[in-house]
Each structure stands twice: as structure tokens, then as C-alpha cells.
Ligand code: OXD
Ligand code: MN
């Protein structure tokens with residue numbers, strides 16, 4: 001059993017143990033041997049099912065509780081001293097009240113169970129941008145997922161012991177009772193308590209809880225940004241690489257964009273993946289914004305993944321992958337809607353597949369090490385991160401938002417980013433397909449008042465000497481008959497090329513009241529069965545609809561009262577004036 005030389009950590013572990021009363025304590029060392037022994041234990045108990053070892057070597061299926069398949073935003077709280085600090089964008093509870101309630105749940109909850117102590121690092125080990133945490137959990141499923149998603153175990157513990165600082169995360173699956181399920185954040189104490197769910201975003205505390213909610217709060221005081229963004233490097237045939245950080249709401253194709261393979265016409269172009277979900281953005285000494293991915297793996301949505309939509313993801317998940325809530329074929333292969341091969345016999349619940357209900361849960365997931373991705377960037381572990389040329393925001397919108405537009409300057413860009421709205425998906429419980437405001441795609445993840453967050457974003461015009469350009473994209477625009485106007489997936493490379501050229505001031509655009517859009521000859525359509533008039537349709541700006549959109553957005557901003565930066569309201573007024 002690994003112990004620690006850090007009294008703060010050993011005292012906390014002892015306190016938790018005496019409160020939760022586990023049968024045993026296991027300090028995770030993060031070794032491969034430990035991972036496989038956990039997997040073996042889970043196979044023995046039926047918690048994991050070994051999949052076809054020939055076609056999917058090292059792959060396993062986990063079936064979660066059917067009531068525990070997504071993030072629970074209505075049960076997720078930010079417990080700051082005052083409600084105003086958490087803001088209308090968060091659920092809030094008074095910290096001592098929240099702790100009392102949670103401590104009640106945790107009392108004796110690990111009886112008959114093993115308590116796992118997981119020291120982990122978010123970011124490349126040893127990077128000055130990385131942050132450390134320790135998750136205590138009674139879920140072996142969480143332990144194996146943390147092994148794939150973070151740098152965990154002995155090496156992280158060493159760093160924690162030398163720096164003396166870490167975020168505490170306490171987790172128990174409890175009774176998996178939706179009535180006794182809460183995810184509580186105490187940003188002032190760098191503390192997370194999560195009870196009653198084993199689902200990734202609720203239970204792998206390094207991810208949304210630490211790397212976004214707590215980190216965004218820390219980042220505000222320390223002068224950086226923790227964002228819900230993928231990071232990609234786009235290499236042109238001359239070998240020049242531009243790095244983009246792109247924010248989209250959950251299940252809107254971040255993983256697909258992060259792993260994009262350029263279409264045939266793009267000979268010599270390459271896309272390198274640095275991250276698919278979270279970016280930590282720091283200004284460096286020279287005023288350049290640099291990004292690291294705090295995660296080491298992907299926890300991606302499975303349905304829809306195939307050799308056409310995302311060949312890199314498909315190839316990444318054919319070995320050493322944990323699947324959660326997918327269907328299974330007669331050959332014991334994992335199966336999901338959109339896989340395009342195989343016939344399921346058992347659905348995600350373990351029942352016979354009838355075809356009347358989905359085989360895989362719409363939010364079924366893969367967990368896999370990022371290193372398996374064929375497009376894994378050689379700079380993914382670079383301690384200094386990568387320089388960011390452009391920040392790209394997007395949502396899933398049937399209408400209104402053009403395929404792509406560029407903000408006029410930083411302040412306008414912050415307004416554009418704050419105006420992100422998207423149709424909801426299966427990644428969180430609740431109604432699917434309704435448009436909701438999701439500023440910077442951070443609605444579920446910002447650990448403090450959005451008003452302060454927008455002000456923090458605006459302040460970067462003072463912190464950076466070279467400001468990244470800001471863009472908005474919408475791959476999901478439809479025509480009146482409900483057909484998608486843009487093919488999406490690998491073809492999005494064409495839009496990325498336009499974005500990069502704009503960053504170098506090297507290409508044409510048309511100025512409109514909402515920003516710069518490509519003219520109908522500005523996007524390379526070679527090899528696509530689309531004529532340039534489609535670009536007109538995709539970039540058409542309906543002034544009446546936009547006036548209504550910006551007026552509604554302005555009202556939304558005003559809900560944050562005195563916290564709303566005046567500057568954002570002025571940006572809205574400027575656009576409204578141009579639309580009149
Ligand atoms: C995720 C999410 O799992 O955003 O990344 O829900
Ligand atoms: Mn996400």
C-alpha cells in the first residue's frame with residue numbers, strides 16, 4: 001500500500017476513512033499491473049464484460065445503472081460564500097449546509113467496499129500550467145477510467161508531495177439513488193463532493209468538476225482561462241502549423257473536429273489532435289496565449305462514430321478501450337447506432353435487441369488513452385503548451401447562425417462567444433433539441449458568476465500582445481425541408497482553412513453587421529458536389545431574425561445585473577445599430 005509523506009493528504013485520507021468506513025483502503029500507484037488487476041476484478045464481479053479479443057483486443061463493456069447515464073446539471077452546485085459569486089448560471093447552496101447534507105450521505109457509505117485513493121495530475125507532468133488533485137472514491141470503475149483519462153498514481157503523488165498543493169475530490173456511488181445524488185463544488189476550499197452517480201462527468205472528478213468548474217474559478221484569480229475546448233494543430237503542405245482552440249456544447253462534434261482527417265483535395269495537409277474537450281489557456285511571458293490539454297484520454301460519445309464520420313476515433317477505439325452502455329453483437333463486439341457493421345443481439349441494458357429502441361444509449365461513451373489516436377500530436381505533452389492563433393465557438397443551430405463568421409475585434413469576439421446557443425443533447429439529462437443559451441459552451445461548467453467570467457475574458461485584451469482571432473461556426477444549418485446545408489465532418493477542413501487564412505490576413509471576406517463572412521468564392525469547394533450559391537445560403541444573414549436574436553441576447557446578459565460588463569451591452573448595441 002502506498003502511503004504519503006504529506007500530512008495534509010494522510011490526515012484527509014484518515015478523516016474520510018473514519019467517516020465513510022470502508023473495508024479497505026487502496027492507494028493507486030497508476031501502474032499497468034494495477035489497471036489490469038482492477039479490470040480482472042471487475043470481470044469477475046460482472047462489472048465489466050470482456051469484448052472480442054481478436055477484433056477488439058483489450059476492450060471491455062461496462063453497463064451503468066439505467067438511471068445513471070448522463071451529467072445531472074440540476075443536481076450540480078457551486079457552493080461559494082455568497083449566491084452572487086456563483087451567479088444565476090449555477091445552482092448555489094450555502095457551503096456549510098451543502099457539506100452537512102453531503103456528510104450525512106457519506107456517513108458509513110463505504111462499508112463493505114474498498115476506498116481508492118487516486119492522486120492525479122491534470123496537464124503534462126511537471127508543467128507549470130498543470131494542477132494536481134486527489135480523488136477518493138469507492139468506485140473501481142472510476143479508478144480504471146481515471147487511469148485512462150489522467151496521469152495518475154505514484155508520479156502524480158510525488159509532484160503533489162513536492163508542491164504540497166492539491167484539489168480534494170470525494171466521491172461515492174452511494175446507492176445510485178437519483179434522490180440522493182448531488183455534485184457539490186467548494187471552489188474557495190478547492191474541494192469537490194460527489195455522491196450517488198458513477199457517470200463520467202459526475203464521477204471522474206478530474207474532468208468537469210476539477211478541470212472546468214474549480215479550475216475556471218482558480219484561473220480567474222490567477223489570470224488564465226479554463227475552457228470547454230478542443231485543441232487542434234492544422235499543418236499546411238509547407239509544414240506550418242496553426243493551433244486552434246474550439247468550444248462547442250457537449251455532444252456537438254468536438255471529438256470529430258479534434259480528430260478530423262482532411263478531404264482528398266487537401267494533399268499535404270494534416271490535423272494533429274492535442275485535446276478533445278478541455279483547454280487551459282495561459283498568456284506566456286511574451287503575451288502569446290498558449291494551450292495545454294489537462295486530460296490524457298478521451299471520454300467520447302460513441303453513437304455515430306464510424307470510418308466516414310471519424311476514422312481516427314474509430315481506429316482509436318478498436319483496442320484498449322472501455323465502452324459504457326453500448327450494445328453487443330453475436331461475435332461479442334461492441335455495437336452502436338451508426339457503426340455500420342455488425343448486428344446487435346443485446347442492447348445497452350443487457351436485454352435482447354429488438355430494433356424498437358436504440359441498441360446503444362445515445363450518451364454511451366468510450367474511454368481511451370489519447371496516445372492511441374493516430375493523429376495524436378507530438379506536442380500533446382509539451383509542458384509549455386502550444387500557441388493559439390484562433391478561438392472558434394459554435395453551437396448546433398438549425399437556422400440563423402451562418403456556417404462561419406469572424407468577430408470584428410476581441411471585445412466583439414467575447415460578445416460572440418457569450419452569445420453561443422445550441423440545441424440540447426443527450427450528454428445531460430433533460431429535454432433534447434431545445435435551444436438554450438450556452439455562453440462559451442460553459443453553461444454547465446463555469447465555476448463562478450458569468451458576469452465576472454465575461455469581464456475576465458474581456459481583460460485578456462490587456463494581458464495579450466497578440467490577440468487570437470475569434471470565430472463562430474455552425475455545421476448544423478438546415479434548409480426549409482430540414483436538410484443539412486453543409487456536409488460537415490472531414491469537409492469542415494475547408495472552413496478551418498478559411499479561418500487560418502483569415503488569421504494571416506490572407507483571404508477575402510465580406511463585412512456584415514454580425515462580423516466577417518466568406519464570400520461565395522472564398523471557401524474551397526473543389527471535389528464537393530456543392531456549388532458556390534450554397535455558400536450564399538449558408539452565410540445568409542436574416543436581419544430581422546438577427547435583430548431579434550441580439551435583442552434577446554441582450555436581455556439575457558441583463559439578467560446578470562450589475563455583474564454584466566457594460567462593454568458587452570455596448571457591443572450588442574453596435575450590432576443592433578448596424579442591423580437597423
Ligand atoms: C462531456 C460533456 O462528457 O461535455 O465532455 O458532457
Ligand atoms: Mn465536454
- line: For segment 36-180 the mean separation of alpha carbon contacts under 8 Å (6+ apart) over residue count, i.e. relative contact order in percent, is 18
- request: For helix 32-45, report the angle its Cα long axis makes with the longest principal axis of the Cα atoms of the chain; keep it between 0 and 90° and round to the nearest 10°.
  value: 70
field: Beta bridges by DSSP in segment 378-507, antiparallel share as percent, to the nearest 5
entry: 60
query: Which FRET efficiency, nearest 0.05, do residue 526 and residue 188 yield, Cβ-Cβ r, R0 45 Å?
result: 0.25
query: Alpha carbon centre of segment 293-350 versus segment 19-68: separation in Å?
result: 18
- prompt: How do 292, 470 rank when sorted from fewest to most other Cβ atoms within 10 Å of their own Cβ?
  reply: 470, 292
- request: Report the antiparallel proportion of the DSSP beta bridges in segment 74-182 as a percent, rounded to a multiple of 5.
  value: 60
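Could you please rank 336, 280, placing first whichever residue has the fewest other Cβ atoms within 10 Å of its Cβ? Each step should come with its number before you reach the end.
Numbers: 336 26, 280 29.
Taking fewest neighbouring Cβ atoms as first place, the list is 336, 280.
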- request: Return P(r) of the chain (all Cα-Cα pairs; 20 Å bins starting at 0; whole %; ordered from short to long distances).
  value: 21, 56, 22, 1
task: For segment 332-403, state what percent of all Cα-Cα pairs lands in each successive 5 Å bin, counting from 0 Å until the bin that includes the largest distance.
output: 3, 11, 14, 11, 12, 13, 15, 12, 7, 3, 0
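Roughly what % antiparallel, to the nearest 5, for the DSSP beta bridges in the chain?
Working: 61 of 94 bridges.
That works out to approximately 65 percent antiparallel.
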- line: In whole angstrom, the spacing between the Cα centers of segment 408-473 and segment 167-208 equals 25
query: Where does helix 566-579 land angle-wise versus the long Cα axis of the chain, in degrees 0 to 90, nearest 10?
result: 40
message: If I take the Cα coordinates of segment 90-163 and project them onto the principal axes, what are the three extents in Å, biggest first?
response: 37, 32, 23
Segment 298-372 - Debye-derived log10 I(q)/I(0), Cα point model, q = 0.13, 0.14, 0.22, 0.26 Å⁻¹: -0.33, -0.38, -0.93, -1.25
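With n ≥ 4 as the cut-off for DSSP H runs, can you work out [θ] at 222 nm for the chain, using -39500 (n - 2.57) per run divided by the number of residues, rounded to the nearest 500? Could you put the intermediate results ahead of the total?
Numbers: 17 runs with 156 residues, N = 580.
Theoretical 222 nm ellipticity from helices: -7500 deg cm²/dmol.
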task: Pairs of Cα atoms under 8 Å, at least six residues apart: use those to get the relative contact order of segment 1-122, whole percent.
output: 37
task: Please pull out the direction-averaged projected area of segment 235-374, using the convex hull of its alpha-carbon atoms, in nm² to one decimal place.
output: 10.1
message: Could you work out the percent of alpha carbon pairs in segment 14-86 separated by over 19 Å, rounded to a whole number?
response: 65
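Compute for segment 168-282: radius of gyration divided by Kirkwood radius, i.e. Rg/Rh, restricted to C-alpha atoms, rounded to two decimals. Each step should come with its number before you reach the end.
Working: Rg = 18.0 Å, Rh = 16.1 Å.
Here the Rg-to-Rh quotient is 1.11.
Using Cβ counts within 10 Å as a stand-in for footprinting exposure, how do 576, 485 rank, fewest first?
Numbers: 576 15, 485 18.
The order, fewest Cβ neighbours first, is 576, 485.
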- prompt: Counting alpha carbon pairs within less than 8 Å and at least 6 residues apart, what relative contact order, in whole percent, applies to the chain?
  reply: 14
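Here, each number is a calculation from the coordinates, and none is a lab measurement. As the structure is a prediction and not an experimental result, all values here were calculated from the model. Virtual Cβ from ideal backbone geometry, glycine too; neighbours counted across all protein chains shown.
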